[in-house]
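A quick write-up on the structure given underneath.
Each value in this text was obtained by applying a stated rule to the coordinates, not by laboratory testing. Just so you know, these numbers come straight off a predicted model, no measurement behind them. Because the Cβ atoms are built from the backbone with ideal geometry, glycine has one as well, and the counts that use them run over all protein chains shown.
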Amino acid sequence: MNSLIFFCNFCFLPEICTNVSRDVCFVLFIAMASGTALIYDDEMTSYKLLWDDPVCDIEVPERLLASYEQLKHYHLVERCVHVPIREATEEEIMLVHSSEYLEVVKSTQTMNEEELRRVSGNYDAVYFHPNTYRCAKLAVGATLQLIDSVMSGKVLNGMALVRPPGHHSQRNAANGFCVFNNVAIAAQYAKRKYGLQRILIVDWDVHHGQGIQYVFEEDPSVLYYSWHRYEHQKFWPLLRESDYDAVGQGEGKGFNINVPWNKVGMGNSDYLAAFFHVLLPVAFEFAPELILVSSGYDSGIGDPEGQMNATPECFAHLTHFLMQLANGRLCAVLEGGYHLKSLSESVCMTVKTLLGDPLPLISGNMAPCLSAIESIQNVRAAHKPYWKCLMYEEATPLQDLSTKSQQMMEAELIQTSTHPVAEQAVGTANSDEVIKTDRFLESHMKKILFPVPPVKTAAAIVSKADAHLLPILVQVEMEMNAQQLKTLISGVDAELVTEEKALLSLQNMVAVLDKILKKEVCNGIAESPVASVSTTVALKHCIGFGLQRVLCIVVGDMDLELDLDDGKILLINICQKRRSEKTNSKYHISLHWKEDGEKNNFSSAVLGFILPVAYSYQPDLLIIVFGPNRSIGINGVSLLTSLLQGLAKSQSLVVIQDTEIKLVQSVAKALTAVSTPDFGAYAPASQENVLEIKRLRDQLQQEWKMLQCSVKDWISGT
Ligand code: Q9C
Ligand code: ZN
């Protein structure tokens, strides 16, 4: 069992590789830089509003300066690949805009203030400056540079910080501070230059990017998703076509998804619910080749336009989910965001996540509000005809949104108070309120940010012969002696652990777990010949360490002797055998799942059930176990492991009984995030599996509120 010297040939950390003679295989994987482009140039701060206009005065050059300063403050700039900007060509601009409109914008370069005011007045919520044209060309060019960097494989993902924003501008019109439609042009460019057939645009700006919707309305190759403050068409841009029933036209039906928010104060849980129950299922089915994010942060806390409540780390989680699609090819392009501190912190959370750092815990009570659920139900119903993942949806659009029953209105009043950050939500341009959010964010960021462990993934792999197939390996010293281990396992299952090999593997696993608990590593893998014993030992060890909430997901048929009443452990067992004698309880859930080929049909279970429960629980640590009789394929394993990494500050231990190298490889890839796993072609889950998810959702949506996605769920929970 001694091939450690072999591993050390690959070792980047020789100082911890002193233990070559031990006959235990201990390896660490070093996370490889994912390659994130950052595109910024301060020339895009060279235009501003020259006259008094209360509508436009929030769109200031400091938006870029403050964001870039904060990126420097967190040392994120130096970790990114710097890509220079360029001007877009006229031909590129004309991928979306008319030559007549281009000429109008061009003509503003030489105008005096009076002429500029007159041209600006021809459009809704727009101002021009002599440098606007130059900056607008740079904003498009910066976006296209980002596309080229990602599509050429120079980087995996990236962000472009640009002004002016783009998503409101149209073929013949500037609109809402936007001159050229950066993201729409980028999508056309990527289709043309790289022959892409499926591009997903996620517009998390708080305004509806109607400009993007108009460009791709009839185009099934570009799926446009936008959530936006709507208030039953009372909020700018006041358009009927921003509602949930605008699903696209002609060939493009089903490829335009609007989630209208009819109340202000939407927060982390509402945004997550919209991802779990609308965007992500559809996106996994669509299987995009590239993701563009219209990355506006006026949907964040403190923004005077949005008046929403999402805290900066919410954008880390949203980013993390999107990074699991399109093989990780993601381009984020700045749109709005007018509270300078909220904007800057949210930009930083996005870039930090793109770089592959572990995510902060998401704050707030994880329960979407009634109004959010109402919108989500309506969108799901409107899109049911177009997406297999919504095929079994029974909900219909709510009849008349403006005449909800009195009972529901009252229930909603109660509900509003369950959004914990509601009081901090500020919402007017009033400077006192801006400062209040500044202070809140200052302390909030200190609370949620934490030092990144020096090493991403630790592994204890028994079958060393296979280890060369895994990412780069480094040996570490074992920390626990045999006597300590015997104490730990006393009373667990004496018979199984008398065997030398089992004992050794337990020892290895506990050593990896300790490294996670001590925050020397983010996550780890341990192979184990008896996964049930390992799992029990690991859970006891965690509770002994003082953890309050451990989420344990067991894939396979396995009996665990555990006391699950105090809520310190939440056990989800994905099993083939139905355990008829036991019913589900809040902390012990059996998800009966039948394997259905090697397709990614497990996504409906992960998105529709496991993630919502996991985010509702908010664990401190995650243990995933792949045991005997596993009922999900390799794709399901990758999907589950990857999507759960946003939880528990990415502190997770994966225990594997099956020593199949493909399984270990998939898990290692998901944990190190060195490459984004391919989840395979989408296939809808079987009706049997879908009904199981539904049954569980009905049973548990009162306990785990992120499961709620229709109004009847919500009402029955009050
Ligand atoms: N009464 C972006 O966030 N507000 N644009 C107009 C008219 C305009 C927002 C209010 C907001 C434009 C990119
Ligand atoms: Zn906006």
Note to self: To make sure I understand the rule: partners must be aspartates and glutamates, Cα under 18 Å from the Cα of Lys48, and not fewer than 8 residues away in the same chain. Which ones qualify?
What the structure shows: Asp57, Glu59, Glu62, Glu113, Glu114, Glu115, Asp124, Glu335
Item checked: ³J(HN,Hα) computed for each position of the range 156-167 - Karplus, 6.51 cos²θ - 1.76 cosθ + 1.60, integer Hz, glycine/proline x -> 7, 8, x, 9, 10, 8, 10, 9, x, x, x, 5
Notebook entry, point to check: Expressed as a whole number of Å, what is the distance separating the alpha-carbon centroids of the range 212-231 and the range 298-330?
Noted result: 18 Å
Note to self: At a 10 Å Cβ-Cβ cut-off, how would you order Ser528, Ser107, fewest neighbours first?
What the structure shows: Ser107, Ser528
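Going by average Cβ density within 10 Å per residue, which order do the peptides 364-372, 342-350, 90-98 take, highest to lowest?
Values: 364-372: 23.2, 342-350: 27.2, 90-98: 18.9.
Per-residue mean Cβ counts within 10 Å order the peptides as 342-350, 364-372, 90-98.
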Check: Among Lys649/Lys669; Lys577/Lys662; Lys388/Lys694; Lys352/Lys649; Lys515/Lys705, which pairs are too far apart, with a Cα-Cα distance over 21 Å?
Finding: Lys577/Lys662; Lys515/Lys705
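Classify the range 507-547 from the C-alpha gyration tensor, please: rounded if a/c falls under 1.5, else prolate or oblate depending on whether a/b exceeds b/c.
On the way: a/c = 2.55, a/b = 1.25, b/c = 2.04.
Cα axes put the range 507-547 in the oblate bin.
Indicate the gyration tensor shape class of the range 648-718 (rounded, prolate or oblate), computed on the Cα atoms with a ≥ b ≥ c the square roots of the eigenvalues: a/c under 1.5 is rounded; otherwise a/b larger than b/c is prolate and the rest oblate. Present the calculation step by step, with values, prior to reporting the outcome.
Numbers: a/c = 2.62, a/b = 1.89, b/c = 1.38.
Here the range 648-718 falls in the prolate category.
Counting DSSP beta bridges in the range 513-637, what percent are antiparallel, to the nearest 5? Don't skip to the end; give the middle numbers.
On the way: 1 of 18 bridges.
Bridges in the range 513-637 are about 5 percent antiparallel.
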Item checked: Sequence-distant aspartates and glutamates (8 or more away, or on other chains) whose Cα lies within less than 18 Å of Lys191 -> Glu90, Glu91, Glu92, Asp148, Glu217, Glu218, Asp219, Glu251, Glu289
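Calculate, in nm to one decimal, what Arg578 and Val81 gain on full extension: separation in residues at 0.36 nm each, minus their alpha carbon distance.
On the way: separation 497, 0.36 × 497 = 178.92 nm, distance 5.07 nm.
Length gained between Arg578 and Val81: 173.8 nm.
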Margin query: Can you compute the modelled spin-label distance between Lys234 and Arg118, with each label point 7 Å from Cα toward Cβ, in nm?
Written below: 3.9 nm
Next item on the list: Return the long-range amide H neighbours of Ala459 (sequence gap of 5 or more, or a different chain), with a cut-off of under 5 Å between placed amide H atoms.
Entry: Val27, Leu28, Phe29, Ile525
Next item on the list: Any chance you could check the Cα centroid distance between the range 497-556 and the range 59-108 for me, in angstrom?
Entry: 48 Å
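Can you tell me which of 287-296, 218-227 comes out highest on packing, and rank the rest after it, using the mean Cβ neighbours within 10 Å? Could the numbers behind the result be given before it?
Numbers: 287-296: 24.9, 218-227: 22.9.
The packing order, highest mean first, is 287-296, 218-227.
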Item checked: Exposure proxy order (Cβ contacts within 10 Å, fewest to most) of Met391, Met706 -> Met391, Met706
